[in-house]
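Take a look at the structure set out below.
Readers should treat all values here as calculations from the given coordinates under stated rules, not as data from a laboratory. For clarity, every value in this text was computed on a predicted model and none was experimentally measured. Don't worry about glycine lacking a Cβ; one is built from the backbone with ideal geometry, like all the others, and counts go over all protein chains shown.
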Amino acid sequence: MRYLKDSDQQALRLAADLQRAMQQWLNHRGLDDSCTISPYVDATGQPAVLIKMNATVAYAMVASLNEQHTRSTEQWPTHGDPRQLPP
């Protein structure tokens with residue numbers, strides 16, 4: 001990969017890392033491999049990725065993100081006495 005610019009190499013690494021993480025996430029939820037991660041370099045020269053997924057994976061991701069958000073807001077109140085925050 002020596003012929004690629006640094007930003008191209010970074011985009012490839014980013015896509016590979018995200019693909020592995022997504023595969024683990026999918027496997028944990030018993031979903032098939034219905035997600036594709038494509039590297040690219042955006043107009044500002046920054047490494048980026050495009051994610052393509054089917055509706056089943058998208059709905060599972062929405063549910064997981066909503067669940068994570070709910071847990072985080074229950075654990076860390078945004079108002080009240082800061083001394084009452086969980087350890």
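The table that follows gives values for the structure above.
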| item | result |
| --- | --- |
| Estimated distance in nm for a label pair at Arg29 and Gln46, the labels positioned 7 Å out from Cα along Cα-to-Cβ | 2.5 nm |
| R0 of 25 Å, Cβ-Cβ distance Tyr59-Gln9: FRET efficiency to nearest 0.05 | 0.15 |
